[in-house]
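Since every read-out is calculated from the coordinates, none of them should be taken as a lab result. This is a predicted model, so every value here is computed, not measured. All Cβ positions, even for glycine, are placed from backbone atoms using ideal geometry, and neighbour counts span all protein chains on display.
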Amino acid sequence: AEDVTSFQLSVSGKGLAYSTIEDNSTFGLYLMKVGSKKAKQVTTDMCNGNYVISPDGKSVAYYEAGDEGEPDELYFAKGKNGKKVTSKETELLAISNNGKYIYTICSEEDSYESNLYKFNKKGDRVKLGKISDDDIYFNADNTQVMFTNDGKTYVSTKGKDAVKVSNGKLTMVDVPNSGAMYASDSNYPVDNLFDHVYTSHNDSGRSAWLIKKNPDKKTNRNKTYKNMELFIKQQK
């Protein structure tokens with residue numbers, strides 16, 4: 001235990017990933033089933049200590065150093081024997097089960113823009129949108145992501161084009177009897193980022209929003225509650 005530098009528990013609570021220092025520049029990465037006495041060594045060449053575990057705890061994504069002068073390389077591993085996904089230098093955010101969705105941020109070389117991308121374990125890349133805020137949120141199984149650009153909030157589901165859900169920046173709140181829970185980390189313990197309550201701050205003050213998905217029209221219906229205290233009382 002004294003050699004462990006960091007660890008991540010999966011959303012399911014069934015898997016654990018942890019890192020150890022190998023030398024001054026690399027880390028070891030291990031994956032184990034909670035309750036097991038033995039961990040699987042994924043790599044001894046992880047760099048930057050940047051890794052994420054899937055919600056089911058069976059796979060991880062991480063970085064290894066590229067050749068001299070080259071960007072770090074993103075790898076995916078299910079158990080062990082990691083496979084390279086891409087050599088484009090990015091910031092790793094999250095991974096879904098089986099590596100179907102691997103989310104990264106990339107700062108573009110020819111501009112000051114930062115973009116959110118979705119990779120799969122084969123290396124296929126999809127740009128989900130430009131981001132201008134550090135608050136990026138995922139649902140429980142990492143198949144949805146919520147992000148903000150120029151003060152507006154967007155949601156992408158299963159790697160598809162992001163849908164604008166608000167003209168302001170949204171933050172999830174705890175509403176009594178709603179089943180929605182607030183999490184200070186980037187993962188919300190909810191199955192769907194739609195059909196939940198968020199707060200939004202703007203010039204007119206603090207408002208509560210209920211974001212609804214309309215599958216027929218493929219649009220979003222936003223309902224505003226100007227009186228936050230009254231809204232919470234109505235939910236009891």
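Work out, step by step, the length gained on full extension between Glu70 and Glu22: first 0.36 nm times the residue separation, then minus their alpha carbon distance; give nm to one decimal. Don't skip to the answer; put the middle values down first.
Details: separation 48, 0.36 × 48 = 17.28 nm, distance 2.14 nm.
Extending this stretch completely gives an extra 15.1 nm.
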Roughly how large, in nm² to one decimal, is the mean projection of the convex hull of the alpha-carbon atoms in the stretch 49-92?
3.2
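Which order do the peptides 146-152, 97-103 come out in when sorted by mean C-beta neighbours inside 10 angstrom, highest first? Present the calculation step by step, with values, prior to reporting the outcome.
Values: 146-152: 18.4, 97-103: 21.3.
The most tightly packed comes first, giving 97-103, 146-152.
Can you tell me the dipole magnitude for the stretch 1-110 around its Cα centre, using point charges on the Cβ only (Lys, Arg +1; Asp, Glu -1), in Debye to the nearest 20?
On the way: 12 positive and 17 negative charges, 258 e Å.
Taking the Cα centre of the stretch 1-110 as origin, the dipole is about 1240 debye.
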Using every alpha carbon pair in the stretch 1-155, what percent of pairs falls into each 10 Å bin from 0 up to the bin containing the largest distance?
11, 40, 35, 13, 1
If amide H atoms are modeled at 1.01 Å from N in the peptide plane, then the residues at a separation of 5 or more from Tyr101, or on another chain, having amide H under 5 Å from its own are Ser96
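Considering Cα pairs under 8 angstrom that are at least six residues apart, work out the relative contact order of the stretch 1-114 and quote it in whole percent. Present the calculation step by step, with values, prior to reporting the outcome.
Numbers: 281 pairs, mean separation 20.3, N = 114.
Reported as a whole number, the value is 18 percent.
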Taking a ≥ b ≥ c as the square roots of the Cα gyration tensor eigenvalues, with a/c under 1.5 meaning rounded and otherwise prolate when a/b beats b/c, else oblate, which class fits the stretch 83-153?
oblate
For the stretch 58-173, the charge dipole (Cβ of Lys, Arg +1; Cβ of Asp, Glu -1; about the Cα centre) points to a positive end, and the Cα of Ile95, Tyr63, Tyr75 closest to that extreme belongs to Ile95
Need one number: nm distance between label points at Ser36 and Asp195, each 7 Å from Cα along Cα→Cβ, rounded to one decimal.
3.4
